[in-house]
Structures are given as structure tokens and as C-alpha cells.
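Undergrad: Below is one structure. I have some questions about it.
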Amino acid sequence: MTQTLANHRIRPLPRPSAQAGRIVRQVGYTLRLAPVGIQAMADAIIGRPGDASGRWQQMHPELQKPGGQKNDGQTHDGQTHDGQTHDGTAARGLTVFGTGLASAVMGLMSWFLLLLFVTSIARGPFYGLVEHGPYGPGTWGGPTRAGAWAVHAAVAIPVIVLIPLVLRGIRLLHGALIRRVYGLTAAKWVLPATILFCAGGMLFFWSWIQQL
């Protein structure tokens, strides 16, 4: 039994600096989705969809061949990475435009979630420091300051914990979408999940704009 325990390797916990760096990279990735997606849509509109591949490769090094060469293989729809199809149709441009649109929607959702994350921290655990009252009957946890602070913090903490997980999910989904577009292995559910997520995101933004 002692030998078994000795042979069993316990993975060390990630260092705080490494964890912080991973979070920063994740946030930076999601912040880039909207501008890079809009640029990809513009590339498709002006007839230069191949320009978008360089930006995707900066975000996804696995799109490059060993040795730093660009992965210029075919995509799932039989298209090459220079933005042209074998039969000369404009399907490649449509693919890049759709991918850019999905990226932009994911990016806007990420920005909104980051804004909600910051707001939840400011008006959750630190509610009593930024809101000095008076706390009327309609205030959550009011009318006392302690009660309002406790309720706002209790509501905000699950949101603060959940949002980084959602951002990570957005990053993984987008990464799988890009791999699928450029011919790398991806699950069959990636495209339907992306369409469903983007449709829900656009519906959310439309409802939000109507309330402004």
C-alpha cells in the first residue's frame, strides 16, 4: 500500500501567479473577440476573407503547422486558407463573415458579462462602501445598512463566481468554432451550439436596447 501511495502522483495546486496570468489571458481573449470579429466581417465584405486567418492564428497557435508555417489546408467546406474555394464561389467569404459575426456577438456578450462582474463586486461585497443610503423600504435587505449590505453581497457572490466560468465557456466554444472552420478536429455540436448562443445573445441585446 505504501508503494502504491508513493507511485501515485498528486498534482500540485497552481501557483497564484500562474492562476492570475491564466485569468488575464482569458479576459484578454474575450475582449478581443468583438474587434477581431468585426474586422473579419469587413474582410469578407471587401472581398479579402483570407486576411482574417492571420488574426485567428494569433489567437490560436494550433492553426499553424510545426515550424511556424501557416496551416493552409482545406476547411470543412473544401476551401483553402487564402480565402478562395476550389470552384471559385464566394462561400469562403460567407464562412468568414458568419464566423466574424459569431465572434462579435460572443465578444459583446463577454464585455457585458465583464461589466456585470465589476458591478457585482462594487455593489455586492463592497455595497456598503459605495452606497451610503438612506435605505428605504424598497431596498433589498433594508431599511438598515447592515441588512442591505448582507443581502446585496449574498446575491452578488454567486454571480461573481459564475461569470468567470461563463467567460471560459465562451472562450472554449469560440476556439472550437475556429478549429472547425479551419479544418481541425471539433465536435459536431459546436456549430449548433454557436448558432444557439449567438441567437440568444442577439435577442438579449435587442431586448436590452428596447428598454433603454
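The values are calculated or read from the model by the stated rules, or taken from the named source; none is laboratory data. What you are looking at is a predicted structure, and each value in this text was computed from that prediction instead of being measured. Virtual Cβ from ideal backbone geometry, glycine too; neighbours counted across all protein chains shown.
Undergrad: Name every residue in the stretch 122-148 that is surrounded by fewer than 17 Cβ atoms within 10 Å (Cβ to Cβ), outside any loop (DSSP other than H, G, I, E, B), in contact with a helix residue (DSSP H, G or I) (Cβ under 7 Å, 6 or more places away or on another chain) and not small (Gly, Ala, Ser), in order of residue number.
TA: Matches in the stretch 122-148: Val130 only.
Here's the yes/no breakdown for (1) of a type in the set (Asp, Glu); (2) part of a loop (DSSP other than H, G, I, E, B); (3) closer than 30 Å to Glu131 by Cα:
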{"site": "Ile170", "(1), (2), (3)": "no, no, no"}
{"site": "Gly175", "(1), (2), (3)": "no, no, no"}
{"site": "Arg179", "(1), (2), (3)": "no, no, no"}
{"site": "Thr185", "(1), (2), (3)": "no, yes, no"}
{"site": "Pro192", "(1), (2), (3)": "no, no, no"}
{"site": "Phe204", "(1), (2), (3)": "no, no, yes"}
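Undergrad: Among (1) at pLDDT 85 or above; (2) surrounded by 13 or more Cβ atoms within 10 Å (Cβ to Cβ), which single condition is Ala52 missing?
TA: Of the numbered conditions (1) at pLDDT 85 or above; (2) surrounded by 13 or more Cβ atoms within 10 Å (Cβ to Cβ), the odd one out for Ala52 is (1).
Undergrad: Can you tell which of Ile195, Ile209 is closer than 21 Å to Ala52 by Cβ, over 14 Å from the mean Cα position of the chain (by Cα) and surrounded by fewer than 14 Cβ atoms within 10 Å (Cβ to Cβ)?
TA: Working: Ile209 fails: closer than 21 Å to Ala52 by Cβ.
The match here is Ile195.
Undergrad: Pick out the one residue from Leu165, Leu108, Leu116 that is within 22 Å of Gly28 (Cα to Cα), surrounded by fewer than 12 Cβ atoms within 10 Å (Cβ to Cβ) and not β-branched (Val, Ile, Thr). So that I can check it myself, show each step before the final result.
TA: On the way: Leu108 fails: surrounded by fewer than 12 Cβ atoms within 10 Å (Cβ to Cβ); Leu116 fails: surrounded by fewer than 12 Cβ atoms within 10 Å (Cβ to Cβ).
Within the list Leu165, Leu108, Leu116, the selection yields Leu165.
Undergrad: Since Ala150 meets every condition but one in (1) without any contact (Cβ under 8 Å) to a residue 40 or more places away in the chain; (2) closer than 30 Å to Thr194 by Cα, which condition does it not meet?
TA: Ala150 satisfies every listed condition except (2).
Undergrad: Looking at Ala148, Ala154, which is the one that is among the small types (Gly, Ala, Ser) and either within 27 Å of the chain's Cα centre (by Cα) or closer than 18 Å to Leu113 by Cα (or both)?
TA: Numbers: Ala148 fails: either within 27 Å of the chain's Cα centre (by Cα) or closer than 18 Å to Leu113 by Cα (or both).
Of Ala148, Ala154, the one residue that is among the small types (Gly, Ala, Ser) and either within 27 Å of the chain's Cα centre (by Cα) or closer than 18 Å to Leu113 by Cα (or both) is Ala154.
Undergrad: Just checking, does the stretch 80-92 include any residue being at pLDDT 65 or above, in contact with a strand residue (DSSP E or B) (Cβ under 6 Å, 6 or more places away or on another chain) and either surrounded by 17 or more Cβ atoms within 10 Å (Cβ to Cβ) or of a type in the set (Asp, Glu) (or both)?
TA: So in the stretch 80-92, the residues at pLDDT 65 or above come out as 92.
Retained after the next criterion (residues that are in contact with a strand residue (DSSP E or B) (Cβ under 6 Å, 6 or more places away or on another chain)): 92.
Okay, now just the ones that are also either surrounded by 17 or more Cβ atoms within 10 Å (Cβ to Cβ) or of a type in the set (Asp, Glu) (or both), so 92.
Yes, because at least one residue in the stretch 80-92 is at pLDDT 65 or above, in contact with a strand residue (DSSP E or B) (Cβ under 6 Å, 6 or more places away or on another chain) and either surrounded by 17 or more Cβ atoms within 10 Å (Cβ to Cβ) or of a type in the set (Asp, Glu) (or both).
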